[in-house]
Protein chains: 2
Amino acid sequence: MAERLVVVGGDAAGMSAASTAKRRAGDALDVVVLERTGWTSYSACGIPYWVAGDVSGPDALVVRTPPEHRKRGIDVRTGVTATAIDLGTGNVTTRAEDGTGDSVGYDQLLLATGAKPTRPDVPGADAPGVHGVQTLDDGCRLLDWLGASDARRVVVVGGGYIGLEMAEACVRRGLDTTLVDLAEEPMRTLDADLGRRLRVAMEGMGITVVMGAAVEGFDTDDGGRVRAVIAGGSTYAADLVVLGIGVRPRTALADSAGIALGDSHGVRVEPSMRVSGRDEVWAGGDCVEVWDRVAAAYTHVALGTHANKQGRVAGLNITGGDAVFAGVVGTAVTKVCELEIGRTGLTRSAAESAGRDSVSATIDSTTRAGYFPGAEPMTVRLTAERRGGRLLGAQIVGGPGAAKRIDVCATALWAELTVSDLVDLDLAYAPPFSPVWDPVQSAARALLSDVH
Amino acid sequence: MAERLVVVGGDAAGMSAASTAKRRAGDALDVVVLERTGWTSYSACGIPYWVAGDVSGPDALVVRTPPEHRKRGIDVRTGVTATAIDLGTGNVTTRAEDGTGDSVGYDQLLLATGAKPTRPDVPGADAPGVHGVQTLDDGCRLLDWLGASDARRVVVVGGGYIGLEMAEACVRRGLDTTLVDLAEEPMRTLDADLGRRLRVAMEGMGITVVMGAAVEGFDTDDGGRVRAVIAGGSTYAADLVVLGIGVRPRTALADSAGIALGDSHGVRVEPSMRVSGRDEVWAGGDCVEVWDRVAAAYTHVALGTHANKQGRVAGLNITGGDAVFAGVVGTAVTKVCELEIGRTGLTRSAAESAGRDSVSATIDSTTRAGYFPGAEPMTVRLTAERRGGRLLGAQIVGGPGAAKRIDVCATALWAELTVSDLVDLDLAYAPPFSPVWDPVQSAARALLSDVH
């Protein structure tokens, strides 16, 4: 009789694992996927672009539908929520959309329950009209609300990646858009002076940016629907509120089952994606903690690329493989209008806060040779250990073509290269692509005299 | 009394060294630069874009003029050709443009004489109308010729970087353009099947591409001016011929002085850029050999980015520094119309020819998430050692945004990463920038099962 793998959650990590395992094991493994929504294998990162109109609809964001997965022999059960796990008996209790209860036994279990948008703990936070954007259903609900409510005024709460992308999406739809955040500048994963450039770019698009304002509550109308955000003592009228203040691992199910969580509330897993101390239980994607190789600490990073890699690793190992997810270095990229932002590793301020004996240098260069048409300004900041010069982090802010260059720094962090190594690298040069000194290498040069 | 550094050649390597040395040593070092043209510190790589009309004129390609260098205390002597070096007495014999001879003594000597376009050894190769493009003066002469001769038909000989860029420049000027090359496909630094895509792109722009045709001679008119290229038994009418069959180190001066050259005819230097066995003689830029870290061999690569780095290293070491030029991995990038090409390390065919026990994988992906507007096709080929999986090389061909991603592979080659490391890297992901599996990582994944 075939073994059974039960996967809880049918997005990136869950379906990558299910597909990898099924492809390898064939008939020797029954693979059952429990997915509470009607969607599988979708790009939640694409939701802001769908809202903006860059993408036609949710179907475009789906890599593989439930019927497509079923055709490959995976028993995908949509609209089914896992409500409890019994680790002792190896059983998952489920509830269908019509309320029907059921259960399914497993030999191996993979938790891929994802993350959920943080809701501020203030009055009105659950009012209709306050939307997160984590699943395709969230996207559908938000767009339905926009259509049905004739919304004109949007307040985005939170100036991180999702907040920025959603604010841009809303202003591009012609909505009156305000972004509210507690921090000094948007994008706290950048140093504040670089985040300021994002604020200026957002303001240039017509977004009202309110920084240093804590959300105190949400006003509602007689019908209980949101009508304003109260933040920093002021009231911002809102027909729609978008939450972008981060996500938390969705781990209540794991927690109830007695699975250990880390400080970030994510499931703590081994590099194999196995849950520590449980041979038959695995986890991956936005519900787990990851090891940050630069910070040398566990952290929570919700990102589709990690989820896909982790799902693949879990799927390999569930079927007898020997793969590892080797951690992250904190790379991320986004853009506001034409201004691109890339970052990896530690910022200057994070390195200082962590007490690392570090130095930083910031240079202004251009994306192409300065004389070449389309050359755009590009700023690079590198942070490195003062002794020995090992790279600790990089930030790039600039025009089209700037941000993805962060990958050189991400690769250098991975390989523990020094700024001296960075200066030596043989990076691609031609006038349409780069100045003769690549901007990343110019920044490394500027750091050389400060490291010993 | 101050020591004197004499630099022969005032472009990238020469002026980087002169500037670095002067900045460090100040009045303790007289720096004399002998430059046979009237230009210093220019981007020869920009000439094709000047010809195409992307760049307004030669001045735009000059980073720093002779007067600007002089203001910084460097004695730049333009229109002065070094004709002989006496290593015994430490003396350089010179000839000015008016024929006047002179000489200048040195304590330290830097050779930065550059490279010159290879001319095929066939009748008519020196005829008026046959142009190389290595110096700004070459560019001026070519454009003067175009203006004065009312040229309509151009034949570009050679399908490497310069040949491709010049062919595109000419067709964009509205000229009837033919490219002739001996090889099977353009760009021999790529595997032929990838080079074929360049040919198709060039043909799509209206360039006539003739491959597999050896140049047998140049026909001239009664005035001795070129009027046709004879290649592969056919005759191609030409009002202008552009040579793009590579360059050779310009080392006759060094050779006459008794300085040792390598197999590529470039000056053989130590990583410090010092000429082996001569404490006071240095060399850098297109006239030297470089160490290829992947091929583990000396080679000749004429590229401004290397010249700048080498000049900096020489300038540091001439003034008591301890810097090294650590070699190259063979990274290069260019584009034909909207088709971008990046390459680094060994191609599949080069690895096979070299007898390396290697494996390759090729994948088709997109520059952005497939659903994102502006996503363009992008092909990645990786080559790695079969045992252990160490990366040996990468080639990328694709739409806008594809080619500069080669830098991840260049960095990985530098750090001697394996394809397994490549799969693990934390590269930047967001839908406007990349599919959720970065194309380079998709290619690495495809290779994993072939390496052991």
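Select from the range A:6-53 the residues that are part of a strand (DSSP E or B), of a type outside the set (Val, Ile, Thr) and touching a Phe, Trp or Tyr at 6+ places or on another chain (Cβ under 7 Å) and list them in ascending order.
Of all residues in the range A:6-53, those part of a strand (DSSP E or B) come to A:6-8, A:29-35, A:42.
Still in the running and of a type outside the set (Val, Ile, Thr): A:29-30, A:34-35, A:42.
Matches in the range A:6-53: none.
Assess whether B:Thr362 counts as being touching a helix residue (DSSP H, G or I) at 6+ places or on another chain (Cβ under 9 Å), in contact (Cβ under 8 Å) with a residue 12 or more places away in the chain and within 13 Å of chain A (Cβ to nearest Cβ).
no
Determine whether the range A:397-407 contains at least one residue that is assigned to a strand (DSSP E or B), touching a Leu at 6+ places or on another chain (Cβ under 7 Å) and of a type in the set (Val, Ile, Thr).
Yes - at least one qualifying residue is present in the range A:397-407.
State whether one or more residues within the range B:435-452 are in a strand (DSSP E or B), outside the structural domain of B:Ala296 (by TED's automatic domain parsing) and touching a residue at least 40 places away in the same chain (Cβ under 8 Å).
Scanning the range B:435-452 turns up no residue that is in a strand (DSSP E or B), outside the structural domain of B:Ala296 (by TED's automatic domain parsing) and touching a residue at least 40 places away in the same chain (Cβ under 8 Å).
Rundown of residues vs (1) farther than 27 Å from B:Gly53 by Cβ; (2) modelled with pLDDT under 95; (3) in the same structural domain as B:Leu339 (by TED's automatic domain parsing), yes/no style:
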| site | (1), (2), (3) |
| --- | --- |
| B:Ile85 | yes, no, no |
| B:Thr93 | yes, no, no |
| B:Gln108 | yes, no, no |
| B:Ala127 | no, no, no |
| B:Leu136 | no, yes, no |
| B:Ala148 | no, yes, no |
| B:Ala151 | no, yes, no |
| B:Val155 | no, no, no |
| B:Gly158 | no, no, no |
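Of the residues that make up the range A:429-450, is at least one in contact with an Asp or Glu (Cβ under 6 Å, 6 or more places away or on another chain) and within 11 Å of chain B (Cβ to nearest Cβ)?
Within the range A:429-450, the subset in contact with an Asp or Glu (Cβ under 6 Å, 6 or more places away or on another chain) is none.
The answer is no, given that none of the residues of the range A:429-450 is in contact with an Asp or Glu (Cβ under 6 Å, 6 or more places away or on another chain) and within 11 Å of chain B (Cβ to nearest Cβ).
Of these, B:Asp176, B:Asp144, B:Asp138, which one is under 23 Å from the mean Cα position of the chain (by Cα) and surrounded by fewer than 21 Cβ atoms within 10 Å (Cβ to Cβ)?
The conditions single out B:Asp138.
Which condition number in (1) within 10 Å of chain B (Cβ to nearest Cβ); (2) in contact with a helix residue (DSSP H, G or I) (Cβ under 8 Å, 6 or more places away or on another chain) is the one that A:Leu339 fails?
Only one criterion is unmet by A:Leu339, namely (1).
Residues that are within 19 Å of A:Lys116 (Cβ to Cβ): which strands (runs of 3 or more DSSP E) entirely in the range A:151-267 hold 3 or more of them? Even if it seems obvious, please write down each step before you answer.
Numbers: elements: A:153-157, A:176-180, A:208-210, A:215-220, A:226-231, A:234-237, A:240-243, A:247-249.
Here the list reads A:240-243, A:247-249.
Got a sec? Which strands (runs of 3 or more DSSP E) wholly within the range B:82-122 have at least 2 residues that are under 30 Å from B:Val157 (Cβ atoms)?
Per the criteria, B:115-117.
Here are the criteria: (1) without any contact (Cβ under 8 Å) to a residue 40 or more places away in the chain; (2) within 11 Å of chain A (Cβ to nearest Cβ); (3) of a type in the set (S, T, N, Q); (4) touching a strand residue (DSSP E or B) at 6+ places or on another chain (Cβ under 6 Å). Tell me which single one B:Thr334 does not satisfy.
(1)
Scan the range A:251-274 for residues that are at negative phi and surrounded by 24 or more Cβ atoms within 10 Å (Cβ to Cβ) and jot them down.
Within the range A:251-274, A:Thr251, A:Ala254, A:Gly266, A:Val267, A:Val269 qualify.
Is there a residue being assigned to a loop (DSSP other than H, G, I, E, B), of a type in the set (Asp, Glu) and surrounded by fewer than 24 Cβ atoms within 10 Å (Cβ to Cβ) anywhere in the range A:291-309?
Checking the range A:291-309: not a single residue is assigned to a loop (DSSP other than H, G, I, E, B), of a type in the set (Asp, Glu) and surrounded by fewer than 24 Cβ atoms within 10 Å (Cβ to Cβ).
Listed here are the residues, each with its yes/no results for (1) under 23 Å from B:Thr135 (Cα atoms); (2) in contact (Cβ under 8 Å) with a residue 40 or more places away in the chain; (3) of a type in the set (Val, Ile, Thr); (4) within 14 Å of chain A (Cβ to nearest Cβ).
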{"position": "B:Glu3", "(1), (2), (3), (4)": "no, yes, no, no"}
{"position": "B:Ala18", "(1), (2), (3), (4)": "yes, yes, no, no"}
{"position": "B:Lys22", "(1), (2), (3), (4)": "no, yes, no, no"}
{"position": "B:Leu29", "(1), (2), (3), (4)": "no, yes, no, no"}
{"position": "B:Val33", "(1), (2), (3), (4)": "yes, yes, yes, no"}
{"position": "B:Tyr42", "(1), (2), (3), (4)": "yes, yes, no, yes"}
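Just give me the residues in the range B:353-370 being buried (at least 21 other Cβ atoms within 10 Å of the Cβ), in a strand (DSSP E or B) and polar (S, T, N, Q), in sequence order.
B:Ser358, B:Ser360, B:Ser365, listed by residue number.
All but one of (1) within 26 Å of B:Ala18 (Cα to Cα); (2) modelled with pLDDT under 95; (3) under 21 Å from the mean Cα position of the chain (by Cα) hold for B:Cys337, so report the exception by its number.
(1)
Which residue is nearest to B:Arg343 (Cα to Cα), if the candidates are limited to the range B:406-428 and must be facing chain A (nearest Cβ under 7 Å) and touching a strand residue (DSSP E or B) at 6+ places or on another chain (Cβ under 7 Å)?
The residue in question is B:Ile406.
Quick one: in the range A:190-218, which of the residues that are among the charged types (D, E, K, R) and crowded, with 17+ Cβ neighbours inside 10 Å is nearest to the chain's Cα centre (by Cα)?
A:Asp191
For the range B:371-382, which residues satisfy the criterion of being of a type in the set (Val, Ile, Thr) and either without any contact (Cβ under 8 Å) to a residue 12 or more places away in the chain or buried (at least 24 other Cβ atoms within 10 Å of the Cβ) (or both)? Explain how you work it out, then say what you get.
Going through the range B:371-382, the residues of a type in the set (Val, Ile, Thr) turn out to be B:379-380.
Answer for the range B:371-382, where residues must be of a type in the set (Val, Ile, Thr) and either without any contact (Cβ under 8 Å) to a residue 12 or more places away in the chain or buried (at least 24 other Cβ atoms within 10 Å of the Cβ) (or both): just B:Val380.
Consider the range A:110-121. How many of its residues are modelled with pLDDT of 95 or more, at negative phi and touching an Asp or Glu at 6+ places or on another chain (Cβ under 9 Å)?
3
In the range A:383-405, what count of residues is obtained for those that are in contact (Cβ under 8 Å) with a residue 60 or more places away in the chain, buried (at least 24 other Cβ atoms within 10 Å of the Cβ) and either over 23 Å from the mean Cα position of the chain (by Cα) or at the interface with another protein chain (Cβ under 8 Å from one of its Cβ atoms) (or both)?
Residues that pass the stated criteria total 4.
Within the range B:247-255, is even one residue among the small types (Gly, Ala, Ser) and more than 19 Å from the chain's Cα centre (by Cα)?
yes
Only residues in the range A:169-185 that are in contact (Cβ under 8 Å) with a residue 60 or more places away in the chain count as the first member; pair them with residues that are aromatic (Phe, Trp, Tyr) and not in a helix (DSSP H, G or I), Cβ under 7 angstrom, at least 6 apart or cross-chain, and list the lot.
Hits for this filter: A:Thr178/A:Tyr236.
Yes or no, residue by residue, for (1) touching a helix residue (DSSP H, G or I) at 6+ places or on another chain (Cβ under 9 Å); (2) in contact (Cβ under 8 Å) with a residue 24 or more places away in the chain; (3) closer than 18 Å to B:Asp121 by Cα:
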{"position": "B:Ala214", "(1), (2), (3)": "no, yes, yes"}
{"position": "B:Asp221", "(1), (2), (3)": "no, no, no"}
{"position": "B:Thr235", "(1), (2), (3)": "no, no, yes"}
{"position": "B:Gly244", "(1), (2), (3)": "yes, yes, yes"}
{"position": "B:Pro249", "(1), (2), (3)": "no, yes, yes"}
{"position": "B:Met273", "(1), (2), (3)": "yes, yes, no"}
{"position": "B:Ser276", "(1), (2), (3)": "no, no, no"}
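The values are calculated or read from the model by the stated rules, or taken from the named source; none is laboratory data. On a predicted model such as this, the values are computed, not experimentally measured, just so you know. Heads up, the Cβs are rebuilt from the backbone with ideal geometry, glycines too, and the neighbour counts pull from every protein chain shown.
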